[in-house]
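What follows is a short report on a single structure.
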Amino acid sequence: MITSIIINGILIGLIYALLAIGLTVIFGVMRIINMFHGEAVMLGMYAAFVLFDKFGISPYISVFLTAPIFFVLGSIIYKFLIDPIPAREREITSLIITLGISFIFATSAMYIWSADYRTVTLPFSQDVMVFIKTRIGYPALISSCMSAVMIVGFYLFMSKTYMGRAIRATELDKDTASVMGVNVKWISIATFGIGVVLAAMAGGILSPIFYIYPFVGSNFVIKAFTIVVLGGMGSVTGALVGGIILGVAEALASTFLEYSMKDIMAFILFLGILLFKPSGILGGRTRL
Amino acid sequence: MLEIKGIDSGYGKIKVLKDITLKIEKGEMVALVGPNGAGKTTLLKTIAGMIVPSKGDILLEETSISGMPPHKTSARGIAYVPEGRRVFSAMSVEENLLMGTYLKKNRPHKTESLRMVYDLFPRLEERKKQTAGTLSGGEQQMLAIGRGLMMRPKLVLLDEPSLGLAPLLINSIYKVLERLNGEGMTTLLVEQNVKKALSLCKRAYVIESGEIVMKGPSEDILCDENVKCTYLGI
């Protein structure tokens, strides 16, 4: 039984990791605590829901179709609402602004789609496969695999492409990056756009296995923050490790304690890591 | 190549540089020496575009680059090798060097540029997969210079390449600078190590409290009584 709990925990943990990567990158480069992240997940879920409901497009495909729209949305938010903030007030003001934006989007979602819980029911939603005596639902399996592929893809983007390296260099030392020819302002806008795209894609990938409702974002943003702190801020591999730890911890708590205890695991881990290793598990400063 | 015409510059309201005029010909290696806090780094940062001068003009090959942001001056051919190395510590040696080819025009020359830097500093090739933050101070300085050269610059601004290094390492860095000078690299070298800088460069400027107080051939400056007693302790 314990293996099946852990396997299921890892599967959900991979999706959590994807959820956290956008946040960790935005924090790493711009030192912005992006409260809008959860609503980006929510919007990604609704986008997947609408495209599935109206046009029958599978969420696993529609996440790629909607990505450019979310990139533009993220860039606009950064350019017009966050970039104008003077540098010394950045951290607090950007937190309040992104929190405000997230309220606007959450209440708008309620206005448009009502407070009803929505689901994306795929033809194979009820199908199950058995792996080492573990029952795994097909949607969960596909969602996890897709998250894993996207995490690897993002890692390669950050380590092998000029733009990825420029994002990391900007994260480490803005002044020196600009001397190398990096337009730091443009990289910041693009990074915010990429962060929002990653959140929305995680939302789309989550849509077949989670309920969709207007305030679902606040639930995810807490998990994402826990993972970022757990793995070390700004680190992609840290987010992967943190996501899996949170997934497994939640799976263990819901089995051995009580299902309702699941959601407090994030806070317990959060407090634990702040007490014993505030720099995060992979610690150090901004390793990829 | 580079012409600075009476610039004033500084940080916010604090004026550091007063009416600086300086000229570098193509292929020349010029030293800028002076005590701590004289404004040497401020001048380099102003040329690189990190600080906008409040007065005067900076010309690179007869075009004004004054007030251009650093990502534009670097595209014009200026490579600033900052004081204290400033390597991207969490990135590998090779990734650091590749940041020098970030500009689109330099990307096609990636392989030859890497070859050139590795020939100049074989140590960097041995350590190319290593994280830059784990290198020794001397190796980081080589990396910072190598990263600048990857940009195939018209003008290199070198800020205190000998700072905090052991004498043996300083010598090996200077050997490379000498070789680059021989190959016709145009360089403005900022140093506190006056003797070292003046032995390498044919011409020098002395800066004190934000003003150029002396300029001319290195031999003349080395013979000056004031310089002798202030900088060389003779």
How long are the three semi-axes of the equivalent ellipsoid of chain B, in whole Å, if each is the root of 5 times an eigenvalue of the C-alpha gyration tensor, listed from largest down? 28, 21, 16
Pick out which of A:152, A:248, A:179 has the largest mean-square fluctuation in a Gaussian network model of chain A, springs linking Cα atoms closer than 10 Å. A:179
Return the sequence-ordered ³J(HN,Hα) values of region A:46-61 in whole Hz as given by the Karplus equation 6.51 cos²θ - 1.76 cosθ + 1.60 applied to θ = phi - 60°, using x for Gly and Pro. 5, 4, 5, 4, 5, 5, 6, 5, 8, 10, x, 7, 5, x, 5, 9
Surrounding net charge for residue B:49, when Lys and Arg each add one and Asp and Glu each subtract one, Cβ distance under 15 Å: +3
Calculated [θ] (222 nm, deg cm²/dmol) that DSSP helices of n ≥ 4 give over chain B, each run adding -39,500 (n - 2.57): -10000 deg cm²/dmol
Got a number for the accessible area of residue A:170? Probe 1.4 Å, square angstrom, nearest 10. 0
Residue-normalised accessible area of region A:124-257, given per residue in Å² at a 1.4 Å probe: 34
Evaluate the distance, in nm, between pseudo-label points positioned 7 Å from the Cα of residue A:103 and of residue A:3 along their respective Cα→Cβ axes. 5.1
Probe radius 1.4 Å, ligands and nucleic acids left out: which of A:186, A:113 has the largest accessible area, and how do the rest follow? A:186, A:113
Using only Cα atoms, tell me the angle between helix B:110-120 and the longest principal axis of chain B; keep it within 0 to 90° and round to the nearest 10. 70
Result: in chain A the number of Lys pairs with C-alpha under 19 Å apart, spaced 8 or more or on different chains, is 5
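Does region B:132-178 classify as rounded, prolate or oblate by the C-alpha gyration tensor (a ≥ b ≥ c root eigenvalues; a/c under 1.5 gives rounded; else a/b over b/c gives prolate, otherwise oblate)?
Values: a/c = 2.13, a/b = 1.34, b/c = 1.59.
Verdict is oblate for region B:132-178.
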Could you derive backbone 3J(HN,Hα) for region A:16-21 from the dihedral phi with the Karplus parameters 6.51, -1.76 and 1.60 (θ = phi - 60°), listing whole Hz in sequence and x where the residue is Gly or Pro? 4, 4, 4, 4, 8, 4
Can you send over the solvent-accessible area of residue B:63, 1.4 Å probe, protein chains only, in Å² to the nearest 10? 70
Cα convex hull of the protein assembly as shown: mean projected area in nm², to one decimal? 27.8
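What's the buried accessible area, both sides, between B and A using a 1.4 Å probe, rounded to 100 Å²?
2000
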What spacing in nm lies between the two simple spin-label points modelled at residue A:88 and residue B:126, each 7 Å away from Cα in the Cβ direction? 4.8
Using the Karplus equation 6.51 cos²θ - 1.76 cosθ + 1.60 (θ = phi - 60°), what ³J(HN,Hα) coupling, rounded to whole Hz, does each residue of region B:72-89 give in order, writing x for Gly and Pro? 8, 5, 5, 5, 6, x, 9, 10, 9, 9, x, 5, x, 6, 6, 6, 7, 4
If amide H atoms are modeled at 1.01 Å from N in the peptide plane, then the residues at a separation of 5 or more from residue B:32, or on another chain, having amide H under 5 Å from its own are B:189, B:190, B:191, B:205
How much of residue A:229 can a 1.4 Å solvent probe reach, expressed as accessible area in Å² and rounded to 10? 20
Around residue B:76, under 15 Å between beta carbons, what's the net of Lys plus Arg minus Asp minus Glu among the other residues? +2
Less than 13 Å Cβ to Cβ from residue A:202, Lys/Arg counted +1 and Asp/Glu -1: what total charge do the surrounding residues give? 0
Given that compact globular proteins tend to follow 2.2 N^0.38 Å, what is the ratio of the alpha-carbon Rg of chain A to that value? 0.97
Angle between the Cα long axis of helix A:162-172 and the longest principal axis of chain A, 0 to 90 degrees, nearest 10? 70
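Over chain A, what is the mean sequence separation of C-alpha contacts under 8 Å (at least six apart), divided by residue count, expressed as relative contact order in percent?
Details: 484 pairs, mean separation 111.4, N = 288.
Averaging sequence separation for qualifying contacts and normalising by length gives 39 percent for chain A.
Of chain B, which part is the longest with no GluC sites (Glu not before Pro) in a loop (DSSP not H, G, I, E, B) and with at most 16 other C-beta atoms within 10 angstrom?
Counting only loop sites that pass the neighbour cut-off, the longest clear stretch is B:63-182.
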Choice from A:42, A:158, A:180 showing the highest fluctuation, given a GNM over chain A with Cα pairs closer than 10 Å: A:180
How much mean residue ellipticity at 222 nm does chain A get from its helices, if each DSSP H run of length 4 or more adds -39500 (n - 2.57) and you divide by all residues, to the nearest 500 deg cm²/dmol? -24000 deg cm²/dmol
Mind pulling the angle between the C-alpha long axis of helix A:216-231 and the longest principal axis of chain A? Nearest 10 degrees, somewhere in 0 to 90. 70
For A:146, B:99, give me the order by solvent-accessible area with a 1.4 Å probe, most accessible first, ignoring ligands, DNA and RNA. A:146, B:99
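Could you work out Rg/(2.2 N^0.38 Å) for region B:1-111, with Rg from alpha carbons only?
1.16
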Expected max-MSF residue from A:228, A:50, A:197 in the GNM of chain A (alpha carbon, under 10 Å) is A:50
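The values are calculated or read from the model by the stated rules, or taken from the named source; none is laboratory data. Please read all numbers here as calculations on a predicted model, not as lab measurements. As a convention, Cβ positions derive from the backbone with ideal geometry for all residues, glycine included, and neighbour counts pool all protein chains shown. These accessible areas exclude ligands, DNA and RNA; they are computed on the full protein's heavy atoms, side chains included. Shrake-Rupley method; radii C 1.70, N 1.55, O 1.52, S 1.80 Å.
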